[in-house]
């Protein structure tokens, strides 16, 4: 029989698990926001955690009716910080978006995601604000100068917008 050296008098080693006390309250807040968003009945916006991590969400915005974005659907990536809602989430378009306030990497110039952020805002507010921004850009503070200049001519803008959107849709189909 093999020699076994059991030491019954030793306490088992404690495994230290570090918990960020704030992350529990943030998760709870995000779960409540998810529920509120699902029950809101708002048309054309949605968002869900992208995986098991409650801090990473995928959002969807449909272009608002009566705008050049009508009929177009955009995906967003939303990453929430550990101190949410006291700091804004990082929100970027993952679907390429031709827009005066969106750059080629999907970064968004929207004051409520920067200096005007307040803990009173939530995911629903962000999505509705972005949906509104699509049809009402701030051309005085553009990230995409070409789109801002073209915005004045809605007919040309819509042609280029839809051309770029369809080109991206074809590219994704061929992947």
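The values are calculated or read from the model by the stated rules, or taken from the named source; none is laboratory data. Given the structure is predicted, the values throughout are model-derived calculations rather than measurements. Every residue, glycine among them, receives a Cβ derived from its backbone with ideal geometry; neighbour counts consider all protein chains shown.
Of the conditions (1) surrounded by 19 or more Cβ atoms within 10 Å (Cβ to Cβ); (2) at pLDDT below 95, residue 141 fails just one. Which one is it?
Status for residue 141: all satisfied but (1).
Scan region 59-73 for residues that are touching a residue at least 24 places away in the same chain (Cβ under 8 Å) and either assigned to a helix (DSSP H, G or I) or under 22 Å from residue 107 (Cα atoms) (or both) and jot them down.
59, 61, 62, 63, 64, 67, 68, 69, 72
For region 76-109, enumerate the residues that are closer than 28 Å to residue 25 by Cβ and in a strand (DSSP E or B).
76, 77, 78, 79, 90, 91, 92, 108
Is it the case, given these coordinates, that residue 39 is touching a residue at least 40 places away in the same chain (Cβ under 8 Å) and either within 20 Å of residue 138 (Cα to Cα) or outside any strand (DSSP E or B) (or both)?
No: the conditions fail for residue 39.
Of the conditions (1) in contact (Cβ under 8 Å) with a residue 24 or more places away in the chain; (2) surrounded by 13 or more Cβ atoms within 10 Å (Cβ to Cβ); (3) over 23 Å from the mean Cα position of the chain (by Cα), residue 121 fails just one. Which one is it?
For residue 121, the failing item is (3).
How many residues, within region 32-54, are surrounded by 13 or more Cβ atoms within 10 Å (Cβ to Cβ) and farther than 19 Å from residue 75 by Cα?
Total satisfying the criteria: 1.
What's the total number of residues in region 144-169 that are assigned to a helix (DSSP H, G or I), buried (at least 16 other Cβ atoms within 10 Å of the Cβ) and under 24 Å from the mean Cα position of the chain (by Cα)?
Number of matching residues: 4.
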